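Colleague: Below: one structure in structure tokens.
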Amino acid sequence: MTGSAETFQFQAETKQLLDIVIHSLYSQKEIFLRELISNASDALDRVRLEGLTDADLLGGDEALEIRLETDPEARTFTISDNGIGMTRAEVAEHIGTIAKSGTRELVERLQSTAGGDAAQLIGQFGVGFYSVFMVADRVTLVTRRAGEENATRWSSTGDGTYELADDNRFSRGTTITLHLKPADPEHGLADFIDPMVFQGLVKRYSDFVGYPIKAAVPAPDAKVDAAPEERVLNSMQPIWTRPAADVTDEEFTEFYRHVARDWGEPLDRLALRAEGRLEYQALLFVPAHAPFDLYFRDQQFGLQLYVRRVLIMDRCQNLLPPYLRFVKGIVDAADLPLNVSREMIQQDRHIGQMQSWLSRKVLNHLKQLLESDREKFRTLWGEFGPVLKEGVAGEGDVRDRLLPLLLFQSSHNPSALTTLDEYVARMKPEQTEIYYLTGESRAVVEHSPHLEAFQSKGYEVLYLVDPVDELVAERVQEFSGKPVKSVGKGTVELGNEDERKQAEADLSEQRKRYGSLLEFLQTTLADDIKEARLSSRLTTSPVCLVGADGDLSPALERMLRRSQGADAVTQQKRILEVNPKHPIAAKLQERFEANQDDSVLVDYAQLLLGYALLAEGSELPDPARFNRAIGDLMVKGL
Ligand code: ADP
């Protein structure tokens, strides 16, 4: 029964992507085969996994395999699998649309990106199937979902429309027929009908695939006119079971592309073997680029979990903690039952132990990378640093391993990032604390008045300017035995013991002098500040605002207001610090002593508050009032 065909339009973004795939990946046309084999292998994994709980699903057709066939006369190349197959609805959903959020943005980015980067971006979106149109001018896909009665035929010339029809296919799985374009080896279009060519591609890209990839090809030692015989083209040997020294970089890369569904090269890889009470192996990769959905809340990440070489779960989220979710790869465990369910995995004690062992190993490896190849680590940090920082919120052991990996901007060198260890090594002999300042950007924090006293002492200050840094700062009280302290909070005592004593004596002297002015400021600005006091952190600015030790930083407060609504976060009052060495302080004091009811003094108090807010990059609560006061002041001054 072959039902009447219906014609559909590709979704607009799909059409655009198709054009880009065809035109930007011209140098890599042969990868269509890798993409189709990857899809077939996934479909076989799925039918096997579903077959574990639904014994009828496999029927009598249990030898899972992939087949390649060619017809030189018709110039067709066909790939079939007896995998899970697709229903008509699934075909329409997967093979006519790209049902991932963010597709439009991707298309926009792609249109302004050159070849190699375009390939990398496309890979993230899994438009693998569409690569067929680089080599074929017509493609037909016939498929029947395991357990369903009806089969579907999809066909398209890749020009913007596709046809869907019923089909009378009897067996489970999917067959894709490519009507090949004429071979044009000079432009990267090999003759894929040639057994030498497709055998080579299977070996190169798909050797490790866990199902036989079969084709009728001449035997290696056959006479010229001997009939071809059916052979398995791939070794099917899982790459992690081979001695690492025998596996080439290229083979590792192809395996990475398969598990990570990436088209690029991995940045780094790590092979691990645990022996002891629990035996398992892991082959892990760090991608070179963050996937676009790394921060999507409901995105599922995870390693593939194998039990004795058999895939039992595609994205097992319990093998690595969320702050290592960017790591791709596989774990092959010897001692788990083959039929573990997701629920069992979540509770399994062994999985928990594997997670802590694997994350320890990965963090150790990252530490080594930091020490041996700073540039590579810097790249990794640029892509995944904010994710690693999420782990700092975790408990003791993890935090201790993560902290040495963190990189920060600092006042030491505007063009390099520093680790905490490097900071500590540069600390002045009498310096006892690690200093930082949080804020929205380097440009804002590096001009903050809070830094003045630290700069004049030559103390380095870390600039924590990534939004997650606020949480890092909340969590990290000390490093390497040194307290970690914000230069924008609490009081400041710098220098050696003598210097501190001297500073304290000076300050108490100044307090006598400025006591009444401070009281006046505190009363006048009572709605905005909780205290006015003299500052030991200012050298050139007249005033600044600081928090008490446990207070939220102004940037964090703003972040919370934005995310939870202005009413949910009570406005914190801060402390106004006045620089006793600044002429403004002395002049104000004089004027205050001369005439305590001077209304101009109230304006000055407001101006000082505004000054302090602007200097640290905060917004003025009432800019109009601030401007009026400045205007009045100018009139008086001129
Ligand atoms: P990706 O594989 O990265 O998701 P593709 O464009 O290659 O992207 O494939 C889209 C979807 O089509 C797959 O996720 C899968 O659901 C379905 N599909 C593709 N090929 C097959 C196949 N041989 N058998 C079953 N489903 C398939």
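Colleague: Every residue in the stretch 488-502 that is in contact with an Asp or Glu (Cβ under 7 Å, 6 or more places away or on another chain) and closer than 18 Å to GLY458 by Cα, please.
Modeller: GLY495, ASN496, ARG500
Colleague: Yes or no: THR174 outside the structural domain of VAL91 (by TED's automatic domain parsing), of a type in the set (Val, Ile, Thr) and open to solvent by less than 20 Å² (accessible area, probe 1.4 Å)?
Modeller: Spelling it out, it is not the case that THR174 is outside the structural domain of VAL91 (by TED's automatic domain parsing), of a type in the set (Val, Ile, Thr) and open to solvent by less than 20 Å² (accessible area, probe 1.4 Å).
Colleague: Report, by residue number, each residue of the stretch 302-333 that is part of a loop (DSSP other than H, G, I, E, B) and either touching a helix residue (DSSP H, G or I) at 6+ places or on another chain (Cβ under 6 Å) or modelled with pLDDT of 90 or more (or both).
Modeller: Result: GLY302, GLN317, ASN318, LEU319, LEU320, PRO321, ARG325, PHE326, VAL327.
Colleague: Test of understanding: among LEU525, LEU471, which residue is among the aliphatic types (A, V, I, L, M), closer than 30 Å to VAL600 by Cβ and surrounded by 12 or more Cβ atoms within 10 Å (Cβ to Cβ)?
Modeller: When all the criteria are applied, what remains is LEU525.
Colleague: Kindly indicate whether TYR280 is buried (at least 19 other Cβ atoms within 10 Å of the Cβ), of a type in the set (Ser, Thr, Tyr), assigned by TED's automatic domain parsing to the domain that holds ASN364 and over 20 Å from SER206 (Cα atoms).
Modeller: Spelling it out, TYR280 is indeed buried (at least 19 other Cβ atoms within 10 Å of the Cβ), of a type in the set (Ser, Thr, Tyr), assigned by TED's automatic domain parsing to the domain that holds ASN364 and over 20 Å from SER206 (Cα atoms).
Colleague: Also: Going through the stretch 245-265 one residue at a time, which ones are open to solvent by less than 30 Å² (accessible area, probe 1.4 Å) and either in a strand (DSSP E or B) or of a type in the set (A, V, I, L, M, F, W, C) (or both)?
Modeller: Scanning the stretch 245-265 gives VAL247, PHE252, PHE255, VAL259, ALA260, TRP263.
Colleague: Scan the stretch 146-162 for residues that are surrounded by 15 or more Cβ atoms within 10 Å (Cβ to Cβ) and either touching a helix residue (DSSP H, G or I) at 6+ places or on another chain (Cβ under 7 Å) or under 12 Å from PHE10 (Cβ atoms) (or both) and jot them down.
Modeller: Scanning the stretch 146-162 gives ALA146, GLY147, THR152, TRP154, SER156, GLY158, TYR162.
Colleague: Return the total of residues in the stretch 559-570 being touching a residue at least 12 places away in the same chain (Cβ under 8 Å) and open to solvent by 20 Å² or more (accessible area, probe 1.4 Å).
Modeller: Summing the residues that are touching a residue at least 12 places away in the same chain (Cβ under 8 Å) and open to solvent by 20 Å² or more (accessible area, probe 1.4 Å) in the stretch 559-570 gives 1.
Colleague: Kindly establish whether THR14 is open to solvent by 20 Å² or more (accessible area, probe 1.4 Å) and assigned by TED's automatic domain parsing to the domain that holds ARG172.
Modeller: no
Colleague: Now for a different question. Report yes if some residue within the stretch 335-345 is loosely packed, with under 14 Cβ neighbours inside 10 Å, outside any helix (DSSP H, G or I), at pLDDT below 80 and not assigned by TED's automatic domain parsing to the domain that holds LEU267; otherwise report no.
Modeller: no
Colleague: Same structure, new question: Filter the stretch 576-600 down to the residues that are surrounded by 18 or more Cβ atoms within 10 Å (Cβ to Cβ) and either under 17 Å from VAL492 (Cβ atoms) or among the hydrophobic types (A, V, I, L, M, F, W, C) (or both) and list them by number.
Modeller: LEU576, GLU577, VAL578, ASN579, PRO580, ALA585, LEU588, PHE592
Colleague: Still on this structure, please answer the following. Could you tell me which residue of the stretch 1-41 is farthest from MET134 (Cα to Cα), considering only residues that are more than 16 Å from the ligand (Cβ to nearest atom), at pLDDT 75 or above and of a type in the set (Gly, Ala, Ser)?
Modeller: ALA5
Colleague: Name the residues in the stretch 60-87 that are surrounded by fewer than 21 Cβ atoms within 10 Å (Cβ to Cβ) and within 13 Å of the ligand (Cβ to nearest atom), would you?
Modeller: Within the stretch 60-87, GLU65, ARG67, THR78, SER80, THR87 meet the criteria.
Colleague: Do we have any residue at all in the stretch 525-541 that's more than 19 Å from ALA453 (Cα to Cα), at pLDDT below 90 and assigned to a loop (DSSP other than H, G, I, E, B)?
Modeller: No, the stretch 525-541 has no match at all.
Colleague: Okay, moving on. What are the residues in the stretch 270-289 that are aromatic (Phe, Trp, Tyr) and without any contact (Cβ under 8 Å) to a residue 24 or more places away in the chain, if any?
Modeller: Passing the criteria: none in range.
Colleague: For the stretch 210-230, name all the residues that are farther than 22 Å from ALA334 by Cβ, modelled with pLDDT of 95 or more and not hydrophobic (A, V, I, L, M, F, W, C).
Modeller: PRO212, LYS214
Colleague: Here's a follow-up. If you take the residues of the stretch 126-143 that are open to solvent by 10 Å² or more (accessible area, probe 1.4 Å) and more than 10 Å from the ligand (Cβ to nearest atom), which of them is farthest from ASP56 (Cα to Cα)?
Modeller: ASP137
Colleague: Go through the stretch 267-295 and give me each residue that's assigned to a loop (DSSP other than H, G, I, E, B), under 21 Å from VAL307 (Cβ atoms) and either under 11 Å from the mean Cα position of the chain (by Cα) or not small (Gly, Ala, Ser) (or both).
Modeller: Result: GLU275, ARG277, LEU278, GLU279.
Colleague: Answer yes or no as to whether LEU464 is in contact (Cβ under 8 Å) with a residue 24 or more places away in the chain, within 21 Å of SER541 (Cα to Cα) and within 32 Å of the chain's Cα centre (by Cα).
Modeller: no
Colleague: Among the residues of the stretch 40-56, write down those that are open to solvent by less than 80 Å² (accessible area, probe 1.4 Å) and charged (D, E, K, R).
Modeller: Of everything in the stretch 40-56, those that are open to solvent by less than 80 Å² (accessible area, probe 1.4 Å) and charged (D, E, K, R) turn out to be ASP42, ASP45, ARG48, GLU50, ASP54.
Colleague: Looking only at the stretch 481-500, filter to residues that are at pLDDT 90 or above and loosely packed, with under 14 Cβ neighbours inside 10 Å; which one of those is farthest from HIS450 (Cα to Cα)?
Modeller: For the stretch 481-500, the residue satisfying everything is GLY481.
Colleague: Additional query: Test GLY158 against the stated conditions and say whether it is within 36 Å of the chain's Cα centre (by Cα) and more than 15 Å from the ligand (Cβ to nearest atom).
Modeller: no
Colleague: Within the stretch 203-223, does at least one residue satisfy the condition of being part of a helix (DSSP H, G or I) and either open to solvent by 50 Å² or more (accessible area, probe 1.4 Å) or of a type outside the set (Ser, Thr, Tyr) (or both)?
Modeller: Checked against the condition, which is being part of a helix (DSSP H, G or I) and either open to solvent by 50 Å² or more (accessible area, probe 1.4 Å) or of a type outside the set (Ser, Thr, Tyr) (or both), the stretch 203-223 yields at least one hit.
The values are calculated or read from the model by the stated rules, or taken from the named source; none is laboratory data. Just so it is clear, the structure is predicted and the values come from calculations on it, not from any experiment. Note: ideal-geometry Cβ built from the backbone for every residue, glycine included; neighbour counts use all protein chains shown. For accessibility, only protein heavy atoms count, side chains too; no ligands or nucleic acids. Shrake-Rupley method; radii C 1.70, N 1.55, O 1.52, S 1.80 Å.
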